[in-house]
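To start, the structure under review is shown below, and the notes come after it.
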Amino acid sequence: MFIIENVGSMITKEGSTFGNGTEIEVLNEGGGRELPIFDRLSSQIGYLTVLYRHDRDFTDKILLLIRDYCESKRSDRGLIQSGARVHDSLIIRNVFIGSYAIISGASLLEEGTIRSNNEAPAFIGEGVIARKFIVLSGSKVDGGAILDKCFVGQGVKIGKQYSAENSVFFANCEAFHGEACSLFAGPYSVTHHKSTLMIASLVSFFNAGSGTNQSNHMYKLGPLHQGILERGSKTGSFSYLLLPCHIGAFTVVMGKHYTNFDSADFPFSYISEEKGKSELTPAMNLFTVGTRRDIDKCQQETEERTQISWI
């Protein structure tokens with residue numbers, strides 16, 4: 001059983017794949033790293049498909065498997081699975097709606113798949129505009145978000161007028177207020193502020209400070225460059241990077257940087273701007289990195305509980 005109430009139009013045109021197989025220009029706006037999105041995509045598959053283009057045989061094989069799967073999704077009819085609720089929405093065109101999914105107040109959903117289940121229902125809320133998209137279980141997209149050629153993994157939250165195109169957001173990411181273009185957001189990446197633009201970058205377990213920005217058109221040659229901010233990196237308020245750049249794991253970037261650099265060999269560092277130049281301070285982040293701090297805190301709490309239990 002499902003519920004449809006107060007919907008402007010809900011139609012499926014002939015031969016839709018419901019967003020599966022849509023190729024997005026992720027990581028590099030100039031193309032060459034296109035990723036076909038589909039409803040079983042993981043961050044691992046995405047990484048291998050996008051970053052291993054130097055291995056042509058491997059790339060051809062994995063793309064063939066993905067395209068065969070996407071073709072199996074082609075249908076002349078839409079599907080609304082049991083437990084789904086669709087109400088107060090305007091246009092729903094070529095959309096697969098999974099079980100127990102909730103669509104409430106969406107403006108336009110076109111050519112997409114919403115995977116959902118009873119344990120982790122997906123939610124599409126008020127004012128959302130999404131074209132050529134995949135949304136997986138447990139995710140919430142609302143607050144007037146605009147998605148164009150995007151993949152939204154499990155447990156992701158996107159809202160508060162966030163805008164994204166040609167981007168992927170894997171498990172447990174959060175994106176509010178800002179903008180993304182050709183962003184590869186690995187698990188637990190967070191951007192929560194206005195005036196924050198994430199562009200042509202690969203991140204994971206990442207925290208974007210307010211006003212974070214990048215540019216990828218060095219020497220006016222067009223959007224040809226890309227950035228890699230390794231696991232656990234963070235950008236400070238109004239930080240700027242001129243791509244290409246490669247930032248080491250668990251590094252904090254502060255200030256505006258107009259030169260290209262590679263700090264992959266220096267994790268847990270601070271990269272700051274000093275008199276217009278980029279300055280790296282190695283290992284400074286080891287003192288405050290959350291992972292170590294949380295371990296120490298957990299050990300302390302465990303010892304305290306043990307003492308109390310003996311008392």
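On the basis of being out of contact with any Pro (no Cβ under 8 Å at 6 or more places or on another chain), farther than 18 Å from Asp39 by Cα and in contact (Cβ under 8 Å) with a residue 12 or more places away in the chain, does Ser195 make the cut?
Details: out of contact with any Pro (no Cβ under 8 Å at 6 or more places or on another chain): yes; farther than 18 Å from Asp39 by Cα: yes; in contact (Cβ under 8 Å) with a residue 12 or more places away in the chain: yes.
Judged against the criteria, Ser195 is a match.
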Lone unmet requirement of (1) acidic (Asp, Glu); (2) more than 29 Å from Arg93 (Cβ to Cβ); (3) within 15 Å of the chain's Cα centre (by Cα) for Glu25
(2)
Residue under evaluation Gly290, criteria (1) modelled with pLDDT of 80 or more; (2) of a type outside the set (A, V, I, L, M, F, W, C); (3) closer than 21 Å to Ser237 by Cα, criterion not met
(1)
Per-region count, the range 206-252, residues without any contact (Cβ under 8 Å) to a residue 40 or more places away in the chain, in a loop (DSSP other than H, G, I, E, B), within 15 Å of Asp262 (Cα to Cα) and open to solvent by less than 10 Å² (accessible area, probe 1.4 Å):
3
Thr49 being touching a helix residue (DSSP H, G or I) at 6+ places or on another chain (Cβ under 8 Å), among the hydroxyl-bearing types (Ser, Thr, Tyr) and closer than 17 Å to Phe170 by Cβ
yes
Can you name every residue in the range 173-190 that is in contact with a His (Cβ under 8 Å, 6 or more places away or on another chain) and within 25 Å of Thr259 (Cα to Cα)?
Gly178
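Of the residues Ser107, Ser116, Ser137, Ser75, which single one is of a type in the set (S, T, N, Q), open to solvent by 10 Å² or more (accessible area, probe 1.4 Å) and at pLDDT below 95?
Details: Ser107 fails: at pLDDT below 95; Ser116 fails: at pLDDT below 95; Ser137 fails: at pLDDT below 95.
None of the others qualify; the one that does is Ser75.
Name the strands (runs of 3 or more DSSP E) wholly inside the range 56-153 in which the number of residues that are over 22 Å from the mean Cα position of the chain (by Cα) and touching a residue at least 60 places away in the same chain (Cβ under 8 Å) is 1 or more.
Numbers: elements: 85-97, 102-104, 108-114, 129-135, 146-152.
Once the strands (runs of 3 or more DSSP E) in the range 56-153 are filtered for at least 1 residues that are over 22 Å from the mean Cα position of the chain (by Cα) and touching a residue at least 60 places away in the same chain (Cβ under 8 Å), what remains is 85-97.
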Within the range 1-40, track down each residue that is touching a helix residue (DSSP H, G or I) at 6+ places or on another chain (Cβ under 8 Å) and assigned to a loop (DSSP other than H, G, I, E, B).
Thr17, Asn20, Gly21, Val26, Leu27, Arg33, Phe38, Arg40
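The values are calculated or read from the model by the stated rules, or taken from the named source; none is laboratory data. Owing to the predicted nature of the structure, the values given are computational and were not obtained by experimental measurement. Cβ: placed from backbone, ideal geometry, glycine included. Neighbour counts: every protein chain shown. All accessible areas refer to the heavy atoms of the entire protein, side chains included, with ligands and DNA or RNA removed. Shrake-Rupley method; radii C 1.70, N 1.55, O 1.52, S 1.80 Å.
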